[in-house]
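Notes for the one structure printed next.
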Amino acid sequence: MDYDKILILDFGGQYSQLIARRVREFNVYSIIRGHDIELEEIKKIDPAAIIFSGGPDSVTGPGAPGVDQGVFELGIPILGICYGMQLMAQLLEAGHVEKAEHGEYGKANLELFTQKKLFKEIDNHSQVWMSHGDHVKKVPAGFEVIARTELTAAAAMADFERDFYGVQFHPEVNHTIQGKTILHNFLFRIVNVKANWNMADYINEEVERIRKQVGKGKVICGLSGGVDSAVASAIVHKAIGDQLTCIFVDHGLLRKGEAEQVKRTFGEEFNIPLIYVDAKKRFLDRLTGITEPEEKRKIIGDEFIQVFDEEAEKLEDVRYLVQGTIYSDVIESGGTDKAATIKSHHNVGGLPEEMNLELVEPLHFLFKDEVRKIGEVLGLPEEIVWRQPFPGPGLAIRIIGDVDWDKLEILRNADAIVQEEIKDAGLYRDIWQSFAVLPDLRSVGVMGDERTYGYPIILRAVNSDDAMTADWARLPYEVMQSISNRIVNQVKEVNRVVYDITSKPPGTIEWE
Ligand code: XMP
């Protein structure tokens, strides 16, 4: 299949992925690369157009991320967003960027000077989203200013000859009310791309690619129960059938019914050779008495690798390992990530490095919702495809303090009620994550004239796009009420339910 590709050059902006996603929402294939990609590499990709992302730096500062000047000679349209626009102004002849007297953050009103091309069908005075400290003081030769806002004289610029455009605001975020139309204009009025990227093609292409990559080689995959590893192994199985063996390490930290479902779906329905390893005791033994969250993560990660390694050794001549890495994982671990480690995010299923296996990563270029679509196309059950994200270390980081089997059972029972009620209320897919947490404390209650002394359950439900930020979900009171009633009545060790009303930041989604 011959896709037109849009290349997004990332200058470390927080919305780079969102740009890629917006483009793909129009059925146009997009890829993100670091801004320092070599020109030769860009030529190999052969993009139909390039978009420069935003970024946190100042183009005038020392060591500011740049781009090979040759991109302007490729003869393809370029759209610079925020930092990207400033970079164009900085690099192209006669342009000039300065620190603005007043930065502009948040909503602004866009006054248009033309509705040609990029701004076709855009309303004058529509709302855009700004976030910048520098501004383009003078547009480069060949450019004209095509819009302003109250605080920014050059809020957008265009060289209609070469089809180079710059917008100081962020068309990719929802706060720019007509942002999608602007991106649509760029793609379909300026670049004239074909909208022919779809999931079925993607699967077929991937199947071919995997066949070529692995030939007759043996492949293993670690299943976790989550959507990514499930979809990854389903594609690989479609490609190479029984050359694939899945290994499912049951660490005992899963939710109610999860292990059974994985066994049923993969072993029975999909007929994928599946090795089920009951490692509950091993994990629990090592977790006994451990209360520190990072230590729990480390132990679980290490133990997982050991168990996985042992099982893989039993199979002979395995050469490939399937990983369900998705695009956001790739970007997050990329070079531009300056974020401090808040949590180590041990991904159960991580690669035992010394195993020396070549990776097969069929989801490498996909976003979560695209992975779900593929899962649906491949016929995976709804409960797996639409499963909310679940951390690799599982319930161990939802039990505050030390973990034992009794507490796991309490939490599993309470959590199952949360899942059921959220699903019954039709909220499951809209909420990013909803779950129960078991803290390390007890309180007094009264039931049937008796004093009780039991655990509280913390109910946590958040909305989020990418887990980087999150807000607590405004669950309907009736739903909270049934969750609370059922948990207190049906889980005998629990006598109280509280709701966590903290966003992220300052909280995190998980409690540990
Ligand atoms: P926090 O708690 O950092 O979580 O706001 C953000 C997202 O990451 C998940 N999470 C993890 N996932 N291993 C994982 O695979 C981990 O150690 C881990 N810790 C948190 C969390 O569920 C949320 O989706």
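The values are calculated or read from the model by the stated rules, or taken from the named source; none is laboratory data. Owing to the predicted nature of the structure, the values given are computational and were not obtained by experimental measurement. Counting neighbours? That spans all protein chains shown, and the Cβs are built from the backbone with ideal geometry, glycine included. For the accessible areas, the whole protein counts, side chains as well, though only heavy atoms, and no ligand, DNA or RNA atoms are used. Shrake-Rupley method; radii C 1.70, N 1.55, O 1.52, S 1.80 Å.
For (1) within 12 Å of the ligand (Cβ to nearest atom); (2) under 20 Å from the mean Cα position of the chain (by Cα); (3) under 17 Å from R387 (Cβ atoms); (4) without any contact (Cβ under 8 Å) to a residue 12 or more places away in the chain, each residue gets a yes or a no:
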| residue | (1), (2), (3), (4) |
| --- | --- |
| E421 | no, no, yes, no |
| G448 | no, no, no, yes |
| A470 | yes, yes, no, no |
| R474 | no, no, no, yes |
| V494 | no, no, no, no |
| P505 | yes, yes, no, no |
If V437 passes every condition in (1) modelled with pLDDT under 95; (2) within 15 Å of the ligand (Cβ to nearest atom) but one, which one does it miss?
(1)
Search result, residues across the stretch 398-419 that are within 16 Å of K492 (Cα to Cα) and either within 16 Å of the ligand (Cβ to nearest atom) or not in a helix (DSSP H, G or I) (or both)
L411, D415, V418
Condition test on I42, is it of a type in the set (A, V, I, L, M) and either closer than 18 Å to V191 by Cβ or outside the structural domain of R162 (by the TED database) (or both)?
yes
Among the residues listed as V145, V128, V167, the single one being in contact (Cβ under 8 Å) with a residue 24 or more places away in the chain and closer than 21 Å to L9 by Cβ
V167
Pick from the stretch 1-22, criterion at pLDDT below 95 and among the aliphatic types (A, V, I, L, M), ranking: nearest to A200 (Cα to Cα)
M1
Of the numbered conditions (1) farther than 30 Å from Y3 by Cα; (2) open to solvent by less than 80 Å² (accessible area, probe 1.4 Å), H102 satisfies every one except a single condition; which is it?
(2)
Test G257 against the criterion of being of a type outside the set (S, T, N, Q) and within 14 Å of the ligand (Cβ to nearest atom), and give yes or no.
no
Give the stretch 2-14 a look and list any residue that's assigned to a strand (DSSP E or B) and out of contact with any strand residue (DSSP E or B) (no Cβ under 6 Å at 6 or more places or on another chain), or say none.
none
Out of the stretch 318-330, which residues are modelled with pLDDT under 90 and surrounded by fewer than 19 Cβ atoms within 10 Å (Cβ to Cβ)?
S328, D329, V330
For I400, work out the one condition from (1) surrounded by fewer than 19 Cβ atoms within 10 Å (Cβ to Cβ); (2) over 30 Å from D440 (Cβ atoms); (3) touching a residue at least 24 places away in the same chain (Cβ under 8 Å) it doesn't fulfil.
(2)
Being assigned to a helix (DSSP H, G or I) and either of a type outside the set (V, I, T) or in contact with a helix residue (DSSP H, G or I) (Cβ under 6 Å, 6 or more places away or on another chain) (or both), is that true of even one residue in the stretch 99-106?
no
In the stretch 197-285, which helices (runs of 4 or more DSSP H) lie fully inside it and hold 1 or more residues that are under 24 Å from Q433 (Cβ atoms) and in the same structural domain as I374 (by the TED database)?
227-240, 258-262
Kindly list the number of the only condition in (1) β-branched (V, I, T); (2) surrounded by fewer than 17 Cβ atoms within 10 Å (Cβ to Cβ); (3) within 16 Å of the ligand (Cβ to nearest atom) that fails for I458.
(2)
Exactly one of V173, V167 is within 18 Å of I50 (Cβ to Cβ), open to solvent by less than 50 Å² (accessible area, probe 1.4 Å), touching a helix residue (DSSP H, G or I) at 6+ places or on another chain (Cβ under 8 Å) and in the same structural domain as V23 (by the TED database), and that residue is V167
Would a scan of the stretch 474-492 turn up a residue that is out of contact with any Gly (no Cβ under 9 Å at 6 or more places or on another chain), crowded, with 17+ Cβ neighbours inside 10 Å and among the aromatic types (F, W, Y)?
no
Going residue by residue through the stretch 299-310, is there one that turns out to be assigned to a loop (DSSP other than H, G, I, E, B), more than 16 Å from the ligand (Cβ to nearest atom), at pLDDT 90 or above and of a type in the set (D, E, K, R)?
no
With the structure loaded, tell me whether T291 is assigned by the TED database to the domain that holds K314, closer than 22 Å to F390 by Cβ, polar (S, T, N, Q) and open to solvent by 50 Å² or more (accessible area, probe 1.4 Å) or whether it fails that test.
yes
Residues of the stretch 49-64 satisfying the condition of being touching a Phe, Trp or Tyr at 6+ places or on another chain (Cβ under 9 Å) and buried (at least 20 other Cβ atoms within 10 Å of the Cβ)
A49, I51, F52, S53, G54, G55, V59
Check Q90, Q17 and return the single one that is over 18 Å from the mean Cα position of the chain (by Cα), part of a helix (DSSP H, G or I) and in the same structural domain as V145 (by the TED database).
Q90
Restricting the search to the stretch 274-292, which residues are of a type outside the set (D, E, K, R) and closer than 19 Å to D406 by Cα?
A279, F283, L284, L287, T288, G289, I290, T291
For the stretch 177-199, which residues satisfy the criterion of being of a type in the set (S, T, N, Q) and open to solvent by less than 10 Å² (accessible area, probe 1.4 Å)?
N185
Checklist (1) over 14 Å from V488 (Cα atoms); (2) surrounded by 14 or more Cβ atoms within 10 Å (Cβ to Cβ) applied to T452, failing item
(1)
Among the residues listed as I76, I50, I32, the single one being closer than 30 Å to A153 by Cβ, aliphatic (A, V, I, L, M), assigned to a strand (DSSP E or B) and in contact (Cβ under 8 Å) with a residue 24 or more places away in the chain:
I50
